[in-house]
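J.: One structure, as structure tokens, below. Some questions next.
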Amino acid sequence: MKSTLSLRNVWLMAISASFLVASCSDETTVFENPEDNLVSETDQSKLDNSVSFERAGVLDIYEDPIASAKRSSITGKDAEAGDYPLTLVAQIAPPTFSNGENLAATHVVLDGDYGYVSYNTVGQDYVGAIDVIDISDPNNPRVTSRVYYTNADLNSIAYDNGYIYVAGGVDSEQSVTATANSLVAKIAVSDGRMNTSNITYGFQEGYNATDVRIIDNNVVVTSGQDGFVVVYDKNDLSALNETAFADLRSVAYNGSEIAVLDAAQGVSFLDQNLNIIRTINIESDFGVDAKRSLDFLNETIVVSEGTKGAGVYNAATGSFIEYISILTNPENAEPGDVVTNGVAVNDNVLLMANGAGGLSLSENKDDSTNGVGVIELTGSINYVASKGDYIFAASGKSGFQIIKLNRPTESLVSSCENLASFSGSSAYTVEQGSEQAFSGSKRFNSITINGSLLLCGSWTVKDDLAINENGVFEMNGTIVIGRVNRQRDIVVKAGATLRIEGNMSIYGDLILEEGATLEFLGDSSTVAAVWGTVSKANGSSITGTFNDYYNKF
């Protein structure tokens, strides 16, 4: 959003927001094929170079708020192994081009093997971009398509059935096609490539379009100060209905009701005809021109409320339930930079983008939400989205960070169900002569194997994994060790055995000493991704069929 309003004007618009606009504004217009101010990136090397693996690998979670403020995690031997074995897949740098050097990531939507990202420019300039990112290979995401807008900010993005829908702002006085400052565009995309030869546009009142959501056969768009929530036909972007609000920031849908966040009032629940059913009055300071979002979580609705964190409300009654506070307050951060900008829900996981306070993870169990901790990421987190096994975190000018949850598949959980769930130290040791076997999904600081250990599930090891002489380590599922900028070598010592069925990623070297054995079970779906080198002493052996991902064997 590119403008500011006086407090008096905000309250005048808040009063007017209670009235339903019976017919659509004459200023809502559809245009097709405008050729100005749109550039497609054709240099694939530039797209490839925007992907960085510098910090790829195991992510820690700062579980203790005091420790997280100082960016140091619990590493004592008595600390239990934590849930959520997360890994950073890669970081995507924001687009840059002539007169477009200050783009910041604003929104992402995930669908199948692709992520679709929108960008805008902070300040008075209207400059934006769209990225399409192929995430079909979890070890190697690729930017497959990029479009620059030289006259438009893009604040939100949605995907449906072969089309991208973006919402943003344009300087209508400088555009030959725009009749209002808030826009929505429909762009065809196929196999990760955008087709810009036939883009459909719609324009609506409001200083800047803030969010877009696909609901059945309609496109719902909110615009900010002095704006509307507008329902468009998904096929041709013809406007079907609209309602005026003071300062809309976001829209959510739970399958039956639409919810919109109005910074001047709170949350309004709407039926399919945009009639206001009920409201939740919220007096939080949502900031001026700041991105804020909301999402449904079971029977509740979660609202990003700036310095207060995330507010949780009963979606049916509107009653306040709790605030989920921001878990960290880093040193040297400006007070206004530690705010909850966005929330995202993935099954029982709640993610909060807290600006300089980072990305926090909470879990919802037994009708209560408990903070787990702050994920070890760099940059100020401005937006978060999550679907399936992935989290996308927008870091403004630092671009996007792609995180993998590493959840075990249902078939893996079923194959592990006869084993006891792991519950023990994050610095776990199997003594000589001991045989241990566990299922689960945990993150360790270190594992030392002097006896025999079977892990069935999904696991990460931040530091050391040692398989000592005559030790046996069997893994069925997924295991990741180390990180690119903090590499850890795995040494299989004399007479020891490492047996893998599933996926093994080592950010470091794999060293097989004399008499050591590495066995791969199953077929070529078993993956060995070794970032460093593989060293094999005389008398060591490697057997089985597997996918040598980086060709290191």
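The values are calculated or read from the model by the stated rules, or taken from the named source; none is laboratory data. Since the model is a prediction, treat every value here as computed from it, not as a measurement. Cβ sites come from the backbone with ideal geometry, for glycine too, and all protein chains shown count toward neighbours. When the accessible area is computed, the model is the full protein with side chains, heavy atoms only, and any ligands, DNA or RNA have been set aside. Shrake-Rupley method; radii C 1.70, N 1.55, O 1.52, S 1.80 Å.
J.: May I ask you to list the lysines whose Cα is less than 27 Å away from that of residue 186, ignoring any residue fewer than eight positions away on the same chain?
T.: The reachable lysines, counting only those whose Cα sits under 27 Å from residue 186, are 2, 46, 234, 291, 387, 397.
J.: Give the Rg (one decimal place) followed by the Dmax (whole number) of the range 316-465, computed from C-alpha coordinates and expressed in Å.
T.: For the range 316-465, the Cα radius of gyration and maximum Cα-Cα distance read 18.5, 59 Å.
J.: Can you show me the helix-derived [θ] at 222 nm for the chain, built from DSSP H runs with n ≥ 4 at -39,500 (n - 2.57) apiece and divided by the number of residues, rounded to the nearest 500.
T.: Working: 4 runs with 28 residues, N = 553.
Taking each H run of at least 4 residues, the total per residue is -1500 deg cm²/dmol.
J.: Something else about it: To the nearest 20 debye, what charge dipole does the range 354-469 have about its Cα centre, counting +1 at the Cβ of each Lys and Arg and -1 at the Cβ of each Asp and Glu?
T.: 540 debye
J.: Counting alpha carbon pairs within less than 8 Å and at least 6 residues apart, what relative contact order, in whole percent, applies to the chain?
T.: On the way: 1654 pairs, mean separation 66.9, N = 553.
The normalised contact order for the chain reaches 12 percent.
J.: Then there's this: Two decimals is fine: what's Rg over Rh for the chain, C-alpha atoms, Kirkwood radius as Rh?
T.: Values: Rg = 25.2 Å, Rh = 24.8 Å.
Reported Rg/Rh, Kirkwood definition of Rh: 1.02.
J.: Shifting gears a bit: Which three lengths, in whole Å and largest first, does the range 423-553 cover when its Cα atoms are put on their principal axes?
T.: So the extents along the principal axes, rounded to whole Å, are 35, 29, 28.
J.: Helix 7-16 versus the longest principal axis of the chain: what angle, 0 to 90°, nearest 10, using Cα atoms?
T.: For 7-16 against the chain, the angle is about 80 degrees.
J.: Same structure, new question: Just the accessible area for residue 534, please: 1.4 Å probe, Å², rounded to the nearest 10?
T.: Accessible area of residue 534: about 30 Å².
J.: Rounded to the nearest 5, what % of the DSSP beta bridges within the chain are antiparallel ones?
T.: On the way: 143 of 205 bridges.
Beta bridges within the chain, antiparallel portion: roughly 70 percent.
J.: Next question, about the same structure. Find the percent of Cα-Cα distances in the range 317-393 that exceed 22 Å, and round it to a whole number.
T.: Numbers: 647 of 2926 pairs.
In whole percent, the long-distance tail amounts to 22.
J.: Probe of 1.4 angstrom, ligands and nucleic acids ignored: what's the accessible area per residue over the range 425-479, in square angstrom? Walk me through the intermediate numbers first.
T.: Numbers: 1830 Å² over 55 residues.
Result: 33 Å² of accessible area for each residue.
J.: Something else about it: Over the range 196-327, what relative contact order in percent results from Cα pairs under 8 Å that are six or more residues apart? Kindly include the intermediate steps, with their values, before the conclusion.
T.: Details: 307 pairs, mean separation 17.2, N = 132.
Relative contact order comes out at 13 percent.
J.: On a full-extension model of 0.36 nm per residue, what is the gain between residue 348 and residue 420, subtracting their alpha-carbon distance, rounded to one decimal in nm?
T.: Working: separation 72, 0.36 × 72 = 25.92 nm, distance 2.27 nm.
Full-extension gain reported as 23.7 nm.
J.: Say a site is exposed when it is one of the GluC sites (Glu not before Pro), sits in a DSSP loop, and has at most 12 other Cβ atoms within 10 Å; what is then the longest site-free stretch of the chain?
T.: Details: sites that count: 35, 54, 101, 173, 283, 299, 331, 417, 431, 514.
The longest uninterrupted stretch comes out as 174-282.
J.: Round to a whole number: what % of the accessible area of the chain belongs to carbon and sulfur, probe 1.4 Å?
T.: Working: 9590 of 22030 Å².
Here carbon and sulfur together make up 44 percent of the probe-accessible area.
J.: Something else about it: How much length is gained if the chain between residue 363 and residue 494 is pulled fully straight, taking 0.36 nm per residue apart and subtracting their Cα-Cα distance, in nm to one decimal?
T.: Details: separation 131, 0.36 × 131 = 47.16 nm, distance 4.28 nm.
Length gained, residue 363 through residue 494: 42.9 nm.
J.: Once you have the Kirkwood Rh of the range 128-235 from its Cα pairs, apply Stokes-Einstein at 4 °C and 1.567 mPa s and quote D in µm²/s. Mind dumping the intermediate values first?
T.: On the way: Rh = 14.3 Å.
Estimated via Stokes-Einstein, D reaches 91 µm²/s.
J.: With a 1.4 Å probe and every protein chain left in place, work out the accessible area per residue of the range 86-212 in Å², rounded to a whole number.
T.: Values: 3980 Å² over 127 residues.
The answer is 31 Å² per residue.
J.: Less than 17 Å apart at the alpha-carbon level, and either on another chain or at least 8 residues along: which aspartates and glutamates does that give for residue 536?
T.: Correct list for residue 536: 469, 489, 509, 513, 514, 519, 548.
J.: Can you tell me the relative contact order of the range 260-334? Whole percent, Cα pairs under 8 Å, sequence separation 6 or more. Let's see the in-between values first.
T.: Working: 115 pairs, mean separation 13.4, N = 75.
Once divided by the residue count of the range 260-334, the mean separation gives 18 percent.
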